[in-house]
Amino acid sequence: MLLHVSSLPGPQIGDLGDAAHRWVDWLADAGQSMWQILPLVPVNEGGSPYNGLSALAGNPLLVSPARLVDDGLLDASELRGAEGSRPEVDFARVMAWKDHLLHRAFTRFRSGAAPEIRTALQVFRARSGGWIEEYALFRALRDAHGGASWTTWERPIRLRESAAVQVWRERLSEQVEEHVFREFLFERQWAALHEHARTRGVRIVGDIPIFVAHDSADVWANRELFYLDEEGQPTVVAGVPPDYFSKTGQRWGNPLYRWDVMQERGYRWWTERFRRIFEQVDIARIDHFRGFEAYWEISAEEETAMNGCWVSGPGAALFHAVERELGPLPLIAEDLGLITAEVDELRDDLGLPGMRVLQFAFDGDPSNPHLPANYPRNSVCYTGTHDNATVLGWWRDLDLAEREQVRRLIDPREAEVHWDLIRVAFQSTADWALAPLQDVLGLGDKARMNTPGTAEGNWAWRMPENALTDDVQTRLLEITRSSSRLRACGSTPPHP
């Protein structure tokens, strides 16, 4: 199942508390062995996990306040008024509420509360090395500048002059400590949830966006690894040309990597990024895999992605460098969009499973790679992804000709088309099959997580209260069993 943590039940936003643990239990009891999430990174005011403030840090908005009460860092009375789940995540509201609670927790900790976790905090900080210090300083600086992007800060600290860094680190020492503490709370709660999933035989599939946000600790601390001008502004940015998601392409705006510099440094930045993701999850989907073979370069002056050019990426050299340090990488290649033979060759040479999406299968082309008859075993079949309409929303928007193509594969029932496609996915020859929870629940497009190319109304969906019924669980279990995908409870799911 595909479901982001923020979409779970809970006060104002899904978190890492009891509801997340119950979700893992529900999955295991439904015979499922994989839970796919979106990036766990700290988000900015827009809420996109693909535009994080750090590629290595966790999102403190996902910290469970109820578990902080259990730790003695908050009083239960401080959570009153926010007990009920809001139907959607209001990120501005959540940020203000969680910031208040996490600051209280930090203040109490400094005053002596929860002494039993002090050693664990020290271990976390020492183990995290340089990234936690850079991130915590970046967040403290961002707060001190009213949340403004680092390119608007005073020139000495914007360019990380050593004297300025020392002055600001001393000036903001308490705020830096607080951001380290917030990351520790996230890490502690996530580790507990991950361990619970492991005991129930559920592997967690994480997500690695190929690019990072311009307004991030990653770019501020490593400007030499990106194409930036003297003031820190990107000279070229990432995106994709026009495709089935957008007629004008997608101008993501992320700064592009200087792969030559990364290669000279043995791809150490990427090695640490992979090391970090595999501390958090069991498997990782690498977003926009085709960008490692060739990526779409857009001048920063362009307003859309229509005008750009393909530029060669690092290819297999990056992955081999990381593997020499970390060993085999359990990855899923997100190979959607304009895919060339060279991209297929890179994916296959690395032995990675690619993605197949049923919603893309019905264009009338018998060679369409998304048709189940054309799946290689080393692939992952999805009914849809977080970037797609829900199956029900997709079906309702199909014209008569497209519906006829669907009927050549199945005899869809209007009220149960979502179950029909889940069954097709599970009965396919793909080694793995996943579906967004929205499809399991049979929800329409109001439950869509993201619409590519749009800036508003995304990432906010939350599952309705009491949605995880016994009836839905039983139906899912039956389809899983009849598709010969049921694994013994507690057994180890297959490795990619």
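Exactly one residue out of Ala460, Ala401, Ala433 is out of contact with any Leu (no Cβ under 6 Å at 6 or more places or on another chain), at pLDDT 95 or above and closer than 22 Å to Phe360 by Cα: that is Ala433. Of everything in the range 444-486, what is assigned to a loop (DSSP other than H, G, I, E, B), over 27 Å from Asn254 (Cβ atoms) and acidic (Asp, Glu)? Give them in sequence order. Across the range 444-486, the qualifying residue is only Glu465.
Suppose the filter is under 14 Å from the mean Cα position of the chain (by Cα) and either under 24 Å from Phe278 (Cβ atoms) or not hydroxyl-bearing (Ser, Thr, Tyr) (or both); does Leu8 pass it? The answer is no for Leu8.
Mind checking which residues of the range 138-161 are assigned to a loop (DSSP other than H, G, I, E, B) and over 17 Å from Glu231 (Cβ atoms)? Listed by number, the residues that qualify are Gly146, Gly147.
The values are calculated or read from the model by the stated rules, or taken from the named source; none is laboratory data. Quantities reported herein were computed from a predicted structural model and do not represent experimental measurements. Cβ coordinates were reconstructed from backbone atoms using ideal geometry, including for glycine residues, and neighbour counts include every protein chain displayed.
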